[in-house]
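Enquirer: Before I ask anything, here is the structure I am working with.
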Amino acid sequence: MVRIAPSERSHWMRGGRLNQKRHIDMTEDEKENVASCPGQKAGHLCKNPVFRCTECGNYGCAQEVTDKCSEQGFKNDKCLNCGATGTRVPIMKDEFADFIAEWRKNDL
């Protein structure tokens, strides 16, 4: 069996643009390569999948209520930074550190 890098499985070219699969459309193997949330939820490590917003670049896990996790970025499907809905895509484990670094560059 040939193993394909997570970034190759979750991205593809379409119409000259790079598209990404939404979490619901990913295979079980792809879901295993999604970054886990490092935030604290109810006194323990969250470990939910981490997503990024395609509109503003915000990242974090998705929860059903606000302030459930210290690293929460979405309430259900709504970005807690810009308010956009339907814009979250999963972040792969090997890409997570780069997203954190890029986001923090914008902190003043």
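The values are calculated or read from the model by the stated rules, or taken from the named source; none is laboratory data. Quick caveat: nothing in here was measured; it's all calculated off a predicted structure. We place every Cβ from the backbone using ideal geometry, glycine too, and count neighbours over all the protein chains shown.
Enquirer: So, in segment 28-53, how many residues would count as being polar (S, T, N, Q), over 10 Å from residue 90 (Cα atoms) and in contact with a strand residue (DSSP E or B) (Cβ under 6 Å, 6 or more places away or on another chain)?
Expert: Matching residues across segment 28-53 total 1.
Enquirer: Return yes when residue 66 is in contact with a Lys or Arg (Cβ under 6 Å, 6 or more places away or on another chain) and surrounded by fewer than 21 Cβ atoms within 10 Å (Cβ to Cβ) and no when it is not.
Expert: Here the answer is yes, as residue 66 does meet what is asked.
Enquirer: Counting only residues that are small (Gly, Ala, Ser) and within 18 Å of residue 102 (Cβ to Cβ), which one in segment 38-83 is modelled with the lowest pLDDT?
Expert: Taking the candidates together, the pick is 57.
Enquirer: Restricting attention to segment 84-100, which residues are modelled with pLDDT under 85 and out of contact with any strand residue (DSSP E or B) (no Cβ under 9 Å at 6 or more places or on another chain)? Show your work before the answer.
Expert: Keep residues of segment 84-100 that are modelled with pLDDT under 85, which gives 98-100.
Result: 98, single match.
Enquirer: What number goes with the only condition from (1) over 26 Å from residue 28 (Cβ atoms); (2) without any contact (Cβ under 8 Å) to a residue 24 or more places away in the chain; (3) small (Gly, Ala, Ser) that residue 84 does not pass?
Expert: (2)
Enquirer: For residue 33, are the conditions met, namely being in contact (Cβ under 8 Å) with a residue 60 or more places away in the chain and not charged (D, E, K, R)?
Expert: yes
Enquirer: A further question follows. Can you tell me which of (1) surrounded by 17 or more Cβ atoms within 10 Å (Cβ to Cβ); (2) under 14 Å from the mean Cα position of the chain (by Cα); (3) at pLDDT 85 or above; (4) of a type in the set (D, E, K, R) is the one residue 30 doesn't meet?
Expert: Checking residue 30 against (1) surrounded by 17 or more Cβ atoms within 10 Å (Cβ to Cβ); (2) under 14 Å from the mean Cα position of the chain (by Cα); (3) at pLDDT 85 or above; (4) of a type in the set (D, E, K, R), the one that fails is (3).
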